[in-house]
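Step one of this worksheet: look at the structure below.
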There are 2 protein chains.
Amino acid sequence: MTSQEFKKEFEERRLKVEEAIDRLLPPEDARPTIIHKAMRYSMEAGGKRIRPILLLAAHDMFPSEADPFPACVAIECLHTYSLIHDDLPCMDNSDLRRGKPTCHKQFDEAMALLAGDALLTYAFQLLAEAYESRPKIAAGLVLDLADAAGSRKLIGGQVEDVLGERDGKMTPEKLNFIHHNKTAALITSAVTMGVRLADDYSPDKLDVARQIGKNIGLAFQVIDDILDVTSDAATMGKTTGLDAANQKMTYVSLYGVERSREIAAELTQKAIALCQNLSPDCGFLKALISYMQNRIN
Amino acid sequence: MTSQEFKKEFEERRLKVEEAIDRLLPPEDARPTIIHKAMRYSMEAGGKRIRPILLLAAHDMFPSEADPFPACVAIECLHTYSLIHDDLPCMDNSDLRRGKPTCHKQFDEAMALLAGDALLTYAFQLLAEAYESRPKIAAGLVLDLADAAGSRKLIGGQVEDVLGERDGKMTPEKLNFIHHNKTAALITSAVTMGVRLADDYSPDKLDVARQIGKNIGLAFQVIDDILDVTSDAATMGKTTGLDAANQKMTYVSLYGVERSREIAAELTQKAIALCQNLSPDCGFLKALISYMQNRIN
């Protein structure tokens, strides 16, 4: 797949995801309107839609009669809820996200708290509603998403991140725990959810999907750490250099930019090598993984 | 069923629910321990366990091979998350809940936010995991619980409650919306989830369960409004008289205590009359509904 072909396909899928978000979220005029406005405000604030597009890439590799878009919107709701709550004053206290006021700045703290709660809840409601006639798929998708988002993974990573910043006692082992759980777990579930939508799949395909997701997810976070040092606010849509200013332990502070780049490249190569085991028809997924390694924001 | 028989059965079920909560929540020593401590702290802080026991009562009326206790714990996780987030400084800013420090007082605001998020997420994870081999049940339970907890119901009721207190423009219509959604929706899902666990049920049973739940749920909130006026802090385990002090519109402020009692009695009678349509074997459910009308805290 040429770079141009990839870009075209990526953009097509991204637009379909945007369209699905608009179509599948509760309408802005649903009562009470303010919560539905807040949910849509944060969901429509942009972002690369990496998780839904990864889910589509995995889904496309298997015969499937199920519509993947509700699952795409569900995982994006989950991701967006986690950002809204992370930005709250009692957490990171961030005013800007993707160059726009964060949810609690645009609305207020109570509404941001509830909009996050509502998006988290809606992720599961949407899966249960949209796949009601295919309960095995519905239940499998809920299982993967809730597991990734739970207190041992996404929330657990966030907890250790908060505690590590507070007590300053960060270790490479803790950093690894945080990256694996706060970032890689949800990215992993994007790949496994794509597989779960297939008409039929063997359990070993889920295992391969998990391994691919883990490598991509960790690479994604290492690259985030690098970009915080090497990029600028205009490109990133958020303040950069915060990790260094906060003396935060990152892959870059531990291993330096060059070695971090090598680590990200190794993880990316591992993930790409595994794609063949998922399906021979893995051109777009491989190109997507490379794109994620080379992203600039 | 005599009052003594009811009390014995109620207490037996309550103890089983307590045991299931202890057994099914992630262990306190799971990493990161602090979040699992906070989740357990709020889940083990007491409470009447009305929702799980209502779920058991509905479940007992139908032949069912499915274990109802994971569903009981899931609905209690959902209820507890909503209390933790309602108590936060940006919401009701409450220091006490059931006579004990609220989660953010015992831990801190960040941990209470995350413990609430984690319990909400775990409710769905538990349903998906525990009923993995019965995906139709798993998906149906997720559907009912997420629908009740979402932005149009539980969270929607909370939003209108917050806004009503802020702008002081409460109307009887808004009060009705709040009570139906903030309180009655989750109580309704307790009854429907009990039915969903049956080996087999006709769709009209779910409708009956919804009608019963709606009447019980509304009665429950009317009685809460009455108790805020007629009970005391020691009995309730929380500050009473707050509604009047805050000039909050309630059933009592609208209709007075006596008329509110009549309304609660009418709703209770409606619910009890419907029980027969669910199953002739409805003795415990009817007794439970009466108990809920006559509760003192």
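The values are calculated or read from the model by the stated rules, or taken from the named source; none is laboratory data. Keep in mind that this is a model prediction, so the values were computed, not measured. Don't worry about glycine lacking a Cβ; one is built from the backbone with ideal geometry, like all the others, and counts go over all protein chains shown.
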Item to check | Within the range B:1-52, tally of residues that are over 19 Å from B:Thr102 (Cβ atoms) and small (Gly, Ala, Ser) | outcome: 3
Checklist entry - Given the conditions (1) modelled with pLDDT of 95 or more; (2) surrounded by 22 or more Cβ atoms within 10 Å (Cβ to Cβ), which single one is not true for A:Arg97? => result (1)
Item to check | Single condition B:Ser151 does not satisfy, out of (1) in a helix (DSSP H, G or I); (2) within 23 Å of A:Leu113 (Cβ to Cβ); (3) at the interface with chain A (Cβ under 10 Å from one of its Cβ atoms); (4) without any contact (Cβ under 8 Å) to a residue 24 or more places away in the chain | outcome: (1)
Checklist entry - Quick one: how many residues across the range A:127-169 are under 18 Å from B:Glu129 (Cα atoms) and not small (Gly, Ala, Ser)? => result 16
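Collect the residues in the range A:21-37 that are facing another protein chain (nearest Cβ under 7 Å) and either free of Cβ contacts under 8 Å to residues at least 60 places away in the same chain or of a type in the set (Ser, Thr, Tyr) (or both), keeping them in residue-number order.
Looking only at the range A:21-37, we keep the residues that are facing another protein chain (nearest Cβ under 7 Å), and these are A:26, A:30-32, A:34-36.
Matches in the range A:21-37: A:Ala30, A:Arg31, A:Pro32, A:His36.
Within the range A:116-125, can one find any residue that is buried (at least 24 other Cβ atoms within 10 Å of the Cβ) and either among the aromatic types (Phe, Trp, Tyr) or under 30 Å from A:Tyr255 (Cα atoms) (or both)? Give the derivation first.
Step one: of the range A:116-125, the residues buried (at least 24 other Cβ atoms within 10 Å of the Cβ) are A:116-125.
Imposing the further condition that a residue be either among the aromatic types (Phe, Trp, Tyr) or under 30 Å from A:Tyr255 (Cα atoms) (or both) reduces the set to A:122, A:124.
So far as the range A:116-125 goes, yes, one or more of its residues are buried (at least 24 other Cβ atoms within 10 Å of the Cβ) and either among the aromatic types (Phe, Trp, Tyr) or under 30 Å from A:Tyr255 (Cα atoms) (or both).
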Checklist entry - Has the range A:232-248 got at least one residue that is over 21 Å from the mean Cα position of the chain (by Cα), over 29 Å from A:Gly168 (Cα atoms) and modelled with pLDDT under 95? => result yes
Checklist outcome for this item: Condition set touching a residue at least 60 places away in the same chain (Cβ under 8 Å) and within 12 Å of chain B (Cβ to nearest Cβ), scope the range A:159-173, selection farthest from A:Lys214 (Cα to Cα): answer is A:Glu165
Checklist entry - Going through the range A:253-289 one residue at a time, which ones are touching a residue at least 40 places away in the same chain (Cβ under 8 Å) and among the hydroxyl-bearing types (Ser, Thr, Tyr)? => result A:Thr268, A:Ser279
Checklist outcome for this item: Only unsatisfied item for B:Leu175, checking (1) in contact with a helix residue (DSSP H, G or I) (Cβ under 6 Å, 6 or more places away or on another chain); (2) part of a helix (DSSP H, G or I), is (1)
Checklist outcome for this item: Per the list (1) over 29 Å from B:Val142 (Cβ atoms); (2) more than 9 Å from chain B (Cβ to nearest Cβ), residue check on A:Thr183 breaks on (1)
Next on the checklist: Checking the condition of a type in the set (A, V, I, L, M), modelled with pLDDT of 95 or more, out of contact with any Leu (no Cβ under 6 Å at 6 or more places or on another chain) and not in a helix (DSSP H, G or I), which residue from B:Ala20, B:Ala30 passes?
Outcome noted: B:Ala30
Checklist entry - Mind checking whether some residue in the range B:186-202 is of a type outside the set (Val, Ile, Thr), out of contact with any Ser or Thr (no Cβ under 9 Å at 6 or more places or on another chain) and within 20 Å of B:Asp86 (Cβ to Cβ)? => result yes
Item to check | the range B:1-49: number of residues that are among the polar types (S, T, N, Q) and crowded, with 23+ Cβ neighbours inside 10 Å | outcome: 1
Item to check | Residue in the range A:50-64 that is at pLDDT 95 or above, on the phi > 0 side of the Ramachandran plot, out of contact with any strand residue (DSSP E or B) (no Cβ under 9 Å at 6 or more places or on another chain) and buried (at least 19 other Cβ atoms within 10 Å of the Cβ) present | outcome: no
Checklist entry - Taking the range B:94-133 only, how many residues are out of contact with any Leu (no Cβ under 9 Å at 6 or more places or on another chain), more than 26 Å from A:Asp161 (Cβ to Cβ) and not basic (Lys, Arg)? => result 4
Checklist entry - For A:Leu197, are the conditions met, namely being more than 8 Å from chain B (Cβ to nearest Cβ), within 21 Å of B:Ile155 (Cβ to Cβ) and in contact with a Pro (Cβ under 6 Å, 6 or more places away or on another chain)? => result no
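Would you say A:Leu186 is aliphatic (A, V, I, L, M), modelled with pLDDT under 95 and closer than 21 Å to A:Asp92 by Cα? Before you say what the answer is, go through the steps one by one.
Working: aliphatic (A, V, I, L, M): yes; modelled with pLDDT under 95: no; closer than 21 Å to A:Asp92 by Cα: yes.
When the stated conditions are applied, A:Leu186 does not pass them.
With the condition being within 14 Å of another protein chain (Cβ to nearest Cβ) and of a type in the set (Val, Ile, Thr), I'd like the helices (runs of 4 or more DSSP H) fully within the range A:48-142 carrying at least 1 qualifying residues.
On the way: elements: A:50-59, A:69-87, A:103-106, A:109-130.
Those helices (runs of 4 or more DSSP H) span A:69-87, A:109-130.
Identify all residues within the range A:57-70 that are over 15 Å from A:Tyr291 (Cα atoms) and not acidic (Asp, Glu); write none if there are none. Break it down into steps so the answer makes sense when it comes.
Here is the first cut: in the range A:57-70, the residues over 15 Å from A:Tyr291 (Cα atoms) are A:58-70.
Answer for the range A:57-70, where residues must be over 15 Å from A:Tyr291 (Cα atoms) and not acidic (Asp, Glu): A:Ala58, A:His59, A:Met61, A:Phe62, A:Pro63, A:Ser64, A:Ala66, A:Pro68, A:Phe69, A:Pro70.
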